[in-house]
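The values are calculated or read from the model by the stated rules, or taken from the named source; none is laboratory data. Since we're looking at a predicted model, the values are computed, not measured. Here the Cβ positions follow ideal geometry from the backbone for every residue, glycine too, while neighbour counts run over all protein chains shown.
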Amino acid sequence: MGKLPYDIAHLLGGAMLLLSFVLLYQRRVQAVINAFAVQGGVLALAAAWQANMQGVPELYLTALIAFVAKAVLIPLALRAMLRRLDLHRAVETALGIGTSMMAGVAVVALAILVVLPITAGARAIAREDLALALSVVLLGMLMMITRRNAISQVVGLMSLENGLVLAAVGAAGMPLVVELSTAALVLVVFVVAGFFVFQIRERFDSVDTAALESHRGEGAGDGWRGEGAGDGWRGDAGQDGQRGGAGQA
Amino acid sequence: MLTALSLVIGALLLLGLAAVPLAPRAAGARLVHGGCVAACVLLVVLAIWALLAGGGAVLALPFGPPWGRALLALDGLSAWFLLVLGVTGAIASLYAMARPPARPGAVPPYPLFLAGMVLTVAAADAFTLMFGFEVMSLASWALVAADHAQAENRRAARLYLMMAALSAACLVPAFGLLAGHAGGFSFAALRAAPPTGWLAGGVLLLGLLGAGSKAGLAPLHSWQPMVYPAAPSHVTALMSGAMAKVALYVLARLLLDLCGPAQPLWWGVPLLVVGAVSAVLGALRATLEDDTKVLLACSSIENIGLITIGLGLALAFRGADLGPLAALAAGAALLHILNHGVFKTLLFLVAGSVLASAGSRRLDRLGGLIHAMPVTAGCALVGIAAAAALPPLSGFASEWLLLQALLAGWRTGDIGFQVLAAAGTALAAMATALAAAAMVRLFGLVFLGRPRTPRGAGAHEVGRLERWALLIPAGLTLLLGLLPGPMLALAQPALMALLGPAAMAPAQGFALLGGTGEAAAWYLPLALLAALAVAGLLVLLAVRARSPLETRRGPVWNGGFINAPDYLPFGDPLSQPSAGGFAQPLRSMLGTSLLAARQRVDMPRPGETRAAGYTASFADPAFGWLVVPAARLRDAVAKRCETLRDFSVRRCLSLGFGTLLALLALLAWLEAH
C-alpha cells in the first residue's frame, strides 16, 4: 500500500478535528447545526475510506448509517425543531470564544501527548487516528460545557459520539455490532434530548438550561434535609444516646 | 469436600432468596431457619472431616473476578473457624427456629449472613475473602437495621455501616499491598512473596485496623455495645459468637499466615497492647453496664481482647524462634475462639429468652427468674461460670493456657518485650477477674433475689425447642471444658497452618500442657472434676451429718430491711440492691480514671421537702475521642458536599470533564517519566 491512503485517512480525521473547532466557535445555532452536518458527512467519508483501505465491506454500511443519520436526518430534525421553537438567535456561550478555542488547543495537545506514547507498538495509522478521535471526543465534551443552549449541548454530545465512531472505524477488526448499537444509542439520546427541549420550551418558554436550575430539588430536597437534622448522628449527640428523645420531650 | 462446601454456600444463598416469600409466615420463617440448622450441621461435619483428613486441595469455582476464578480451600485454619461457625450457627439457627424474629425483614438476610461468613473462611484468594467479608457485613447490617422503627436502632445500624465501611477501607488496601507485591491474589502467591520493611508495617497496621474494627478491638469497639442490643437475639449471638471470630480469622490469616513466618518479634507488640487494653476496658464496662445485652457485648470485647493477646504472643514467640511457646499461645487463642463462641452464643440466647419472657433487658427490671425459668437459669449458670473462667468449664481451660503463655513471655530475651508481657499478664489477669465480677453481678441480678417488676414476676419457662437451643450449648460448654486436650489435638492442623509444620498442640491426651520442659504446668480437667466431685460429696455428707433436719425454704432475705407492707407484694424495691449499687465499688475504684465515671449526690438541706437524688454516669473514652469527632467530621464533609448538589448541569459536566483531563494529564506525565 502506498502512502496516499494514509494521507487521505489523516486528512479526513484532521477535517473532523477542524470541524470540531468550527463547532466550538460558532455563535449561531443554525451554523452549529450546519457544521455538525458537515462533520457527519466527513465521518461517513472517513468510514468509507477505511472500508476501502482495510478491505472490510461492512464499514461501508457504517459509512452509510453515519451519512444518513448524522449528515442528513439529525441536522434536518434539529433544524425543524429550531423552526418550531422559533429560535434564530445567537448561542449564549458560558466561556468566551477565544478562551474556548485556547482550551480546545490545550485539550488536543493533551490528547496527542497521551495517545502517541501509549500506542507506540501499534500501526501508525491507528495511532494518529486514535489521537484525532480522542481530540474530537474531548472537544465535544468541551463544547457541552461551554454552551448554555440546550441544542448546542445536544450537538456537542453527538459530536463526541462522532469521535467515538472515528476511533472505532480506525481500529481494524472492530465488529459492526458496536457501531450499530452506538448509532442506535445516539438516536435514542437524540430523541430524549429533543423531548427535553420541548419540555423546557413548554414549561419555561426558553431553551436555556439555566432555567432548570431554579427548579431543582423542590419538596424532596427539603424533606431530606429535615430528616438529616432530625435524627442524625450529630457530633454532639453522643453521651449515652438519649439526647435525641430528650430534645423532643 | 470442597464441592460439598460450595454446595452448602449455594444452598444458603438460595435459602436467602426463598426466604423473601416465606418470611411473613411463622412456619416459613421456621423452615428457613431449619434449613440454616441443617446447613450448619453439615458445616460442622465438613470442618471435622477436613481437620481429621487434612485438606490442602484448592477448588477453582467456574466463576469469579474478571481476571480469574474464585478459589476455595479448607486448610487447618479455615476448617477450625468453620467448625466454630458451624457450631454457633447451628445453635443460633435452632433458637431462631424456636423463636422466629418478630420482623419478617430479619429472615432473608440471615442465610446470606451465614453464607458470607462461610465464604470468607473458605476463600483461598484475597478477592473471594473480601467478597465474603463484605457480604457478611452487609447482610448483618440488614439484620441490625431490620427493626428500624426505633431511632436508637437506626442510629446503631448507621454506626455499624460506618464501621463496616472503615474495616473494608482498611482491609482492601492491606490485601492490595500484599497482592501488588506478590503479583497475584491467590493465597499461595501471597505466601510466596512475604512483605518486608514499610510494606509489612503497612499491612500490619491496616490489617489490625480493618479486622480489629470488625472484631471489636479497642479503640474501635464502641459500635458493639450499641449494635448488639439492636439486633434480634439469635443474630446477636451469631455476631458475637461467629462474626467477631471471622474477623479474627482474617487477622490471623493475614498476619500469621500470609505475611510469612519471618516477621520480627515486635510484630506481636501491637496485637498484645490492643488486646490487653480491649480486655480490661471491656471487662470493666461489663461490670458497670445495666443492660444484659450491652453487658454481654462488653464481655465479648474482653474475650476478643484475650484472644488477640494470644495471637500477638504467638507472633512474638515465633519471631523469637520459640516454636513450642508460639504453639502454646496460638493454641490458647484457637481454643478460646471455640469456647467463647459457644458460651457467648449461649449467654446471648439466654438474654434473648429473658427478654422475651420477662419483658426487659435492663437488670433493674429483672430478678428472681431462677424460680420462673429454672432450665434457663441452669443453662445461664453454666455459661456464666465459663465466662467467669471457673474450672472445670471451658472458659477456664483456654484462659489458663493463655496465662501460661503470658507467664512465659520472659523467655523471649528482649527486655522491652519482657516488661510488656509482664504488664500484659497483669492486665489479662485483671480482665479475667473483672469479667468474673461482671458475670456474678449478671447472674445475681437477673436470676437471684426477688422480681423487681410485676412484668418480671410474670415470667415463664421457655418452650421445648427453645430449651434445647439453650441446653445444647450448655452441654457443649461442659464438654469442651472437660475435653480441652482432644479439642487442641483436633486443632493441630490449624496450628500448623499458623506456625509451620513443626508446631505441636500444647496437649497430651486429656491434659493441657502449659510451658515447655521442666517448667511445664499441667491442667487435668478430668482429675479436677473428680476432685471437685469428691469434695462436693464430702461437703454434702458433712452437712447431712451435721444437720439431720429436713431442708426448709424460708422467705428471701431482704437485706436487713424491715418487711415490706402488704401493698408491695414483691417486696420494697428499694430494699434490693440495684445494678448501679452492685457496680458502685468498681466504678469508684477504677471507673473514675478509665471510664470518666462521675457521680453526683443531691442532698436536700435540712428542712427542705424535696427528695434526695443520686446520679452516676460513665462514658467510654473511645466514644468521645473517636466516634464523636468522626461524626463531626462527617457532618462537615456532608455540608461541603451539599454545595455539589446545587451545581448546574454544566458545572457537573465540567467536573467530570476536569477529572478526565486530570487523569489524562497524569497518564501523560507517567509516560513521560
Failed item in (1) surrounded by 23 or more Cβ atoms within 10 Å (Cβ to Cβ); (2) assigned to a helix (DSSP H, G or I), with B:W267 passing the rest: (1)
Answer residue from segment B:646-656, given it is assigned to a helix (DSSP H, G or I) and at the interface with another protein chain (Cβ under 7 Å from one of its Cβ atoms) and is farthest from B:H221 (Cα to Cα) among those: B:R650
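Per-residue answers, yes or no, for (1) within 30 Å of B:I48 (Cα to Cα); (2) touching a helix residue (DSSP H, G or I) at 6+ places or on another chain (Cβ under 7 Å):
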{"site": "B:Q404", "(1), (2)": "yes, yes"}
{"site": "B:A433", "(1), (2)": "no, no"}
{"site": "B:L442", "(1), (2)": "no, yes"}
{"site": "B:L470", "(1), (2)": "yes, yes"}
{"site": "B:A494", "(1), (2)": "yes, yes"}
{"site": "B:L499", "(1), (2)": "yes, yes"}
{"site": "B:A507", "(1), (2)": "yes, yes"}
Unique residue being crowded, with 24+ Cβ neighbours inside 10 Å and outside the structural domain of B:L346 (by TED's automatic domain parsing) when the list is B:V135, B:V118: B:V118
Selected residue (only one of B:A174, B:A169, B:A188, B:A182 is touching a residue at least 12 places away in the same chain (Cβ under 8 Å) and crowded, with 17+ Cβ neighbours inside 10 Å): B:A174
Yes/no for B:P225 being within 28 Å of B:H340 (Cα to Cα), away from chain A (no Cβ under 14 Å) and crowded, with 22+ Cβ neighbours inside 10 Å: no
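For every residue, the table says whether it meets (1) among the hydrophobic types (A, V, I, L, M, F, W, C); (2) assigned to a helix (DSSP H, G or I); (3) touching a Gly at 6+ places or on another chain (Cβ under 7 Å).
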residue	(1), (2), (3)
B:L465	yes, yes, no
B:A474	yes, yes, yes
B:L478	yes, yes, no
B:W522	yes, no, no
Number of the exception - B:G607 against (1) within 36 Å of the chain's Cα centre (by Cα); (2) modelled with pLDDT of 85 or more; (3) of a type in the set (G, A, S); (4) not in a helix (DSSP H, G or I): (1)
Condition check for B:A489: in the same structural domain as B:V342 (by TED's automatic domain parsing), at pLDDT 90 or above and under 30 Å from B:L265 (Cβ atoms): yes
Residues satisfying the stated conditions in segment B:574-632, i.e. exposed (fewer than 12 other Cβ atoms within 10 Å of the Cβ), closer than 24 Å to B:V446 by Cβ and touching a Lys or Arg at 6+ places or on another chain (Cβ under 8 Å): B:Y614, B:T615
Qualifying residue in segment B:620-643 (condition: more than 9 Å from every other protein chain (Cβ to nearest Cβ), part of a loop (DSSP other than H, G, I, E, B) and either of a type in the set (A, V, I, L, M) or in contact (Cβ under 8 Å) with a residue 40 or more places away in the chain (or both)): yes
Failed condition for B:G367, given (1) within 30 Å of B:Q599 (Cβ to Cβ); (2) in a helix (DSSP H, G or I): (2)
Selection within segment A:22-33 - crowded, with 18+ Cβ neighbours inside 10 Å and in a helix (DSSP H, G or I): A:L23, A:L24, A:V29, A:V32, A:I33
Selection count where residues are more than 20 Å from B:A92 (Cβ to Cβ) and in contact (Cβ under 8 Å) with a residue 60 or more places away in the chain, scope segment B:15-49: 3
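Looking for something part of a loop (DSSP other than H, G, I, E, B) and at the interface with chain A (Cβ under 8 Å from one of its Cβ atoms) - is there at least one such residue anywhere in segment B:595-603? Give the derivation first.
So the first thing to find is which residues in segment B:595-603 are part of a loop (DSSP other than H, G, I, E, B), and the list is B:595-597, B:603.
Those still in the list that are at the interface with chain A (Cβ under 8 Å from one of its Cβ atoms) too: none.
No, the conditions are met nowhere in segment B:595-603.
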Odd one out for B:W141 among (1) of a type in the set (A, V, I, L, M, F, W, C); (2) within 14 Å of another protein chain (Cβ to nearest Cβ); (3) closer than 26 Å to B:L633 by Cα: (2)
Residues satisfying the stated conditions in segment B:487-507, i.e. loosely packed, with under 15 Cβ neighbours inside 10 Å and over 14 Å from B:L77 (Cα atoms): B:A502
